[in-house]
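Please read the structure below before turning to the comments.
The values are calculated or read from the model by the stated rules, or taken from the named source; none is laboratory data. This one's a predicted model, so the numbers in the text were calculated from it and none came from an experiment. Here the Cβ positions follow ideal geometry from the backbone for every residue, glycine too, while neighbour counts run over all protein chains shown. The protein model used for the area step is the full one, side chains on, heavy atoms only, and it has no ligands, DNA or RNA in it. Shrake-Rupley method; radii C 1.70, N 1.55, O 1.52, S 1.80 Å.
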Amino acid sequence: MSTILSRRRFLQTASASLGLLGLGVHGSLAAKESSSPNEKIRLGIIGTANRARANIDGVKGESIAAICDVDGNYLDKMQKDFPAAKPFKDFRKLLEIKELDAVVVSTADHTHAPATYWAMQQGKHAYCEKPLTHTVTEARMLAKLAAEKKLATQMGTQIHAGDNYRRVVELIQAGAIGNIKEVHTWVGKGWGVDDRPKKEGPAPEHLAWDLWLGPAADRPYRNLLHPADWRRYWDFGNGTLGDMACHHMDLPFWAMGLRAPSKVRAEGPAIHPEMCPQGLKVIYTFAATSARPEFTLTWYDGNLKPAKIHGIDTGGGGNLFVGDKGMLRADYGSLKLLPEEDFKDYKRPEPTIAKSPGHYVEWFNAIRTGSPTTCNFDYSGALTEAVLLGNVAYRAGKEIEWDAAALKIPNASGAEALLSKKYRTGWALG
């Protein structure tokens, strides 16, 4: 299992060295002669409410120098909490502040890439919520730019820093359940919809609607899209798969050293050009390598999540690894080797992946010293690409073959349009 072991060795080294190993990251505070390791990182916050608020709570120990939100009500509230921070409604104006060291992007999916890409172009380190981007092509672009600029990056898959995921990775890589034949990943949540918002008209005064649309095509204001229901529509979100798969598929990607599937097919309701499905099943095939045989990873969400898989309950969200020597069921905080009777005398491997100092602290350490992060844009970009290919296959209406190196779909070139999107003038990356 050379690929997996190589990944594991990297993670062990990375985890053990967080905050200690300098890799010469561009713009790190440690590299600035006028800075000290104790100097607070100057952050620009793009998006301030809901999921963004949780991220702010995770970074507020640093210096929040600027805040941005298209919703004036949210912005006013955040201004009261951080009165020294400069307020903006347009993140492009915030990015003009040269003194910012880094940005935290927690907007709707369709504006993840523009905010993050333009920040990195200016040499700012970046933290971005999951999914990293709105499209497959954007994920590749962000990963490439982060590498070129040698920036400290992290995607918001916070559970990756937890101890339980580490123990699962160690069990899989130790061969506890043998060669993996199947992985099943699920969540009961459902962001689908069967109708578009009815109300159109002037946007409320507190909402800068044109800025909220960002790269999306101009259209009249519609209620419900802001602050959450944008996830139900292709122009702004990626349904349940986009919302949750980066959290749950992260575990098999980490444990098995995955990068790109070879084929993807999806099952769901009739395809709608605007609206995400109320339930989706996606079957990813990962080709055999020198480290492991071919296997499938199957995703289920919404009303297509089965009550049981191989007789195992699927309450909540989680993963079931099926090997030739047993099974392992895991979620965010627990794991179980199955059948339990077969593993009653099994001695688990000693922990080898060091405890994380914390998801946000990993990123801060990387900014200060050049140490690695475990959800950097190279890793999380590949994860996001794979996740979003599930929607590409669903919307293409057929199984797609994936040439990751070329960003091509050899058996359905017409589906390649779904790898990217059209941008309003002035909003395209590059």
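Counting only residues that are surrounded by fewer than 16 Cβ atoms within 10 Å (Cβ to Cβ) and within 22 Å of A203 (Cβ to Cβ), segment 73-84 holds 3 of them.
Taking the condition over 20 Å from W212 (Cβ atoms) and touching a residue at least 60 places away in the same chain (Cβ under 8 Å), does K144 pass? So K144 does not fit the description; no.
For segment 137-186, residues that are open to solvent by less than 10 Å² (accessible area, probe 1.4 Å), over 24 Å from L389 (Cα atoms) and of a type in the set (D, E) total 1. Only residues in segment 379-407 that are free of Cβ contacts under 8 Å to residues at least 40 places away in the same chain and aliphatic (A, V, I, L, M) count as the first member; pair them with residues that are buried (at least 24 other Cβ atoms within 10 Å of the Cβ) and assigned to a strand (DSSP E or B), Cβ under 9 angstrom, at least 6 apart or cross-chain, and list the lot. From residues that are free of Cβ contacts under 8 Å to residues at least 40 places away in the same chain and aliphatic (A, V, I, L, M), the pairs are A396/A266.
Quick one: is T384 within 30 Å of A287 (Cβ to Cβ) and not aromatic (F, W, Y)? Judged against the criteria, T384 is a match. Note on segment 252-299: residues that are part of a loop (DSSP other than H, G, I, E, B) and out of contact with any Leu (no Cβ under 7 Å at 6 or more places or on another chain) amount to 23.
Go through the residues of segment 353-368 one by one and say whether even a single one is among the β-branched types (V, I, T) and assigned to a loop (DSSP other than H, G, I, E, B). Yes, because at least one residue in segment 353-368 is among the β-branched types (V, I, T) and assigned to a loop (DSSP other than H, G, I, E, B).
Counting the residues of segment 262-311 that are under 20 Å from the mean Cα position of the chain (by Cα), of a type in the set (D, E) and under 28 Å from A174 (Cα atoms) gives 0. When E362, E350, E416, E385 are checked against the criterion of being open to solvent by 50 Å² or more (accessible area, probe 1.4 Å) and acidic (D, E), a single residue qualifies: E350.
Among the numbered conditions (1) part of a helix (DSSP H, G or I); (2) open to solvent by less than 10 Å² (accessible area, probe 1.4 Å); (3) touching a Pro at 6+ places or on another chain (Cβ under 8 Å), the only one that M120 does not meet is (3).
Among the residues of segment 27-48, write down those that are modelled with pLDDT of 95 or more and farther than 16 Å from K124 by Cα. Those that are modelled with pLDDT of 95 or more and farther than 16 Å from K124 by Cα: G47, T48. For segment 90-99, a residue qualifies if it is open to solvent by 10 Å² or more (accessible area, probe 1.4 Å) and among the hydrophobic types (A, V, I, L, M, F, W, C), and the qualifying residues are F91, I97. Within segment 114-131, residues that are under 22 Å from E362 (Cβ atoms) have Cβ atoms under 7 Å from residues that are among the aromatic types (F, W, Y) in these pairs: A115/F91; Y127/W363, counting only partners at least 6 apart in sequence or on another chain. Scanning segment 43-63 for residues that are open to solvent by less than 10 Å² (accessible area, probe 1.4 Å) and part of a helix (DSSP H, G or I), we see that the one that is farthest from A102 (Cα to Cα) is A52. Within segment 248-291, the set of residues being within 25 Å of I353 (Cα to Cα), among the small types (G, A, S) and buried (at least 20 other Cβ atoms within 10 Å of the Cβ) comprises A255, G257. How many of the residues making up segment 217-233 are open to solvent by less than 10 Å² (accessible area, probe 1.4 Å) and modelled with pLDDT of 95 or more? Counting residues in segment 217-233 that are open to solvent by less than 10 Å² (accessible area, probe 1.4 Å) and modelled with pLDDT of 95 or more gives 0.
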